[in-house]
Amino acid sequence: MSENQNLLAEQRRSLILDEVRRRGGVRVNELTRKLGVSDMTVRRDLDALARQGVLEKVHGGAVPVAEASTHEPGFEAKSALELGAKEDIARAAAELVAPGSAIALSGGTTTYALAQRLLDVPDLTVVTNSVRVADVFHTAQRSGGVGQGSATVVLTGGVRTPSDSLVGPVADQAIATLHFDLLLLGVHGISVEGGLSTPNLAEAETNRRLVQSARRVVVVADHTKWGTVGLSSFARLEEVDTWVTDAGVSEKVREEIADRVRRVVVAGAGGEGVRPGAQAERARAGGRSACGDPPSGADMASAMVTGPRSPGGERP
């Protein structure tokens, strides 16, 4: 963490939170030296982060909050975190969406940022279980902006969660009858042991249906989601075609996930680029892509096109 007196408050707080999580706790005087700001500024930042429930203030510093696996932050609380990373991820993930395709967008603050990047993509059919995501498209349609609002939007219905997603039997039954070219999926947690997980049991089942209905699965999640395990897992890492994340993800994590996820896209300053997973590397070494086709420039620059899923979620 480098010293910079000109950091915006959101940037400072993101750096502080990363440091707290990485080290298991920090002292105020350490943060003042690293950030080049006053004690009062650091204490205000810690107060703001404590109000969001993402760390706990202690005498002279702060420590991480030990969250239960059932804890589910609300949409507004999550919206204030990792804003820059979410914008980077949204920008990169939008490049994977082809005009005229049928896509699904799950709930979450990262998919909300992504939805705003998709308004100019023509002739999309968008299925979503997120009230917030649907509002992005409906607001654009009402405003009548040139090139905006042309998407056909299907809102699944269901029971609303704290993160403004719609889940439960109504959502599950609606999704089960549909088929998507691409699923853009926000997650609460991603890890080797837990795969993709959420603290909400009903949301886990709805997300499971989304994964089963998609030809390609793209996870959009910043580096802070790595290592988090929610109460219920709904997909294995091997079911993910592409993980779009930010430059905060470590090389160690990329190596750890390489045998499981076909492709990792790292977005943001100093990290923009596509890194194939080990499955894709092995296939490409044989002169073919992981889905059995000769590799092309489009394959190298975007998410890999894969075959349809079987009922059990495996690709043939």
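Here are the numbers:
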read-out: Residue check for residue 156: at pLDDT below 95 and crowded, with 22+ Cβ neighbours inside 10 Å; value: no
read-out: Of all residues in the stretch 120-137 being more than 24 Å from residue 208 (Cα to Cα) and of a type outside the set (A, V, I, L, M), the one that is surrounded by the most Cβ atoms within 10 Å (Cβ to Cβ); value: 137
read-out: Test set (1) closer than 17 Å to residue 108 by Cα; (2) in contact (Cβ under 8 Å) with a residue 60 or more places away in the chain; (3) polar (S, T, N, Q); (4) surrounded by fewer than 21 Cβ atoms within 10 Å (Cβ to Cβ) - residue 206 fails condition number; value: (4)
read-out: Leading residue by the ranking (farthest from the chain's Cα centre (by Cα)) among those in the stretch 163-185 that are at pLDDT below 95 and crowded, with 24+ Cβ neighbours inside 10 Å; value: 167
read-out: Filter result (of a type in the set (A, V, I, L, M), surrounded by fewer than 22 Cβ atoms within 10 Å (Cβ to Cβ) and within 14 Å of residue 52 (Cβ to Cβ)) within the stretch 18-28; value: none
read-out: Residue within the stretch 112-119 that is outside any helix (DSSP H, G or I) and surrounded by fewer than 24 Cβ atoms within 10 Å (Cβ to Cβ) present; value: yes
read-out: Leading residue by the ranking (farthest from the chain's Cα centre (by Cα)) among those in the stretch 35-47 that are under 10 Å from residue 12 (Cβ atoms) and in a helix (DSSP H, G or I); value: 41
read-out: Considering residues of the stretch 141-153 that are at pLDDT below 90 and within 18 Å of residue 100 (Cα to Cα) only, the residue most open to solvent (accessible area, probe 1.4 Å); value: 146
read-out: From 192, 218, residue being open to solvent by 20 Å² or more (accessible area, probe 1.4 Å), at pLDDT 90 or above and of a type in the set (Val, Ile, Thr); value: 192
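The values are calculated or read from the model by the stated rules, or taken from the named source; none is laboratory data. Values in this document were obtained by computation on a predicted structure and should not be read as measured data. So basically every Cβ, Gly included, is an ideal-geometry build from the backbone, and we count neighbours across all protein chains shown. We work out accessible area using only protein heavy atoms, side chains counted, and drop any ligands, DNA or RNA first. Shrake-Rupley method; radii C 1.70, N 1.55, O 1.52, S 1.80 Å.
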